[in-house]
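The values are calculated or read from the model by the stated rules, or taken from the named source; none is laboratory data. All of these numbers come straight from a predicted model, not from anything done at the bench. As a convention, Cβ positions derive from the backbone with ideal geometry for all residues, glycine included, and neighbour counts pool all protein chains shown. Protein only, heavy atoms only, side chains kept; ligands, DNA and RNA dropped before computing areas. Shrake-Rupley method; radii C 1.70, N 1.55, O 1.52, S 1.80 Å.
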Amino acid sequence: MTEHVRSRVSAYAIATTQDRLLLTRLSDSSPVFEPGLWHLPGGGIDPGEQPREALERELYEETGLELLDARLVDARAYTAHRLGVSWNLVGLFYRVDLAPGPLAVTKEDDSTCAVNWIPLPGLKESVLSPAAIDALRMIGIGI
């Protein structure tokens with residue numbers, strides 16, 4: 001019997017300031033990547049929604065911050081199996097500029113349980129989602 005694979009396209013923000021990267025922590029309800037990992041702000045693009053619109057919406061839901069500018073950097077595909085579902089995820093990665101403001105997860109009971117500016121020095125791959133690891137490489141930061 002062939003296993004059903006669900007497809008998802010997501011838009012992710014790569015935001016840095018000084019020596020810090022904006023990351024969100026995945027909650028137990030994360031559909032694709034493992035809970036507890038630090039991940040990029042962003043998420044699934046709803047039917048009929050433009051990628052930039054999804055990025056703006058997800059950024060606000062997960063960080064409380066307003067998107068000022070977004071430039072597409074690259075795209076990556078991932079496969080995962082979580083909660084009984086096999087996934088084919090395509091991530092669109094955007095380098096972003098954000099309006100300053102306090103950080104806050106504004107959408108409760110979602111796949112994000114925390115948000116923070118994480119210092120790049122000392123950041124370990126073992127605490128990052130595959131998408132966050134790829135994003136760092138896209139902007140020339142090796143860990």
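Could you check, for the stretch 125-137, whether at least one of its residues is at positive phi and either at pLDDT below 95 or part of a strand (DSSP E or B) (or both)?
For the stretch 125-137, residues at positive phi and either at pLDDT below 95 or part of a strand (DSSP E or B) (or both): absent.
Restricting the search to the stretch 62-74, which residues are open to solvent by 30 Å² or more (accessible area, probe 1.4 Å) and farther than 14 Å from residue 92 by Cβ?
66, 68, 69
In the stretch 2-22, is there at least one residue being without any contact (Cβ under 8 Å) to a residue 60 or more places away in the chain, closer than 21 Å to residue 133 by Cα and surrounded by 14 or more Cβ atoms within 10 Å (Cβ to Cβ)?
The answer is no; no qualifying residue exists.
Determine if the stretch 75-89 includes at least one residue that is open to solvent by less than 70 Å² (accessible area, probe 1.4 Å), touching a residue at least 24 places away in the same chain (Cβ under 8 Å), within 18 Å of residue 26 (Cα to Cα) and aromatic (Phe, Trp, Tyr).
yes
Under 7 Å by Cβ, and 6 or more places apart or on different chains, what pairs join a residue from the stretch 45-68 that is assigned to a helix (DSSP H, G or I) with one that is of a type in the set (Asp, Glu)?
Sorted first by the residue in the stretch 45-68, then by its partner, the pairs are 54/46; 60/66; 61/110.
Quick one: how many residues across the stretch 75-89 are over 21 Å from residue 135 (Cβ atoms) and either assigned to a strand (DSSP E or B) or in contact with a helix residue (DSSP H, G or I) (Cβ under 8 Å, 6 or more places away or on another chain) (or both)?
Of the residues in that region, 3 qualify.
If a residue must be open to solvent by less than 30 Å² (accessible area, probe 1.4 Å), part of a loop (DSSP other than H, G, I, E, B) and either under 13 Å from residue 20 (Cα atoms) or not aliphatic (A, V, I, L, M) (or both), how many such residues does the stretch 90-119 contain?
Going through the stretch 90-119 one residue at a time, the tally reaches 1.
Here is a list: 61, 56. Which entry is farther than 17 Å from residue 97 by Cβ and among the acidic types (Asp, Glu)?
61
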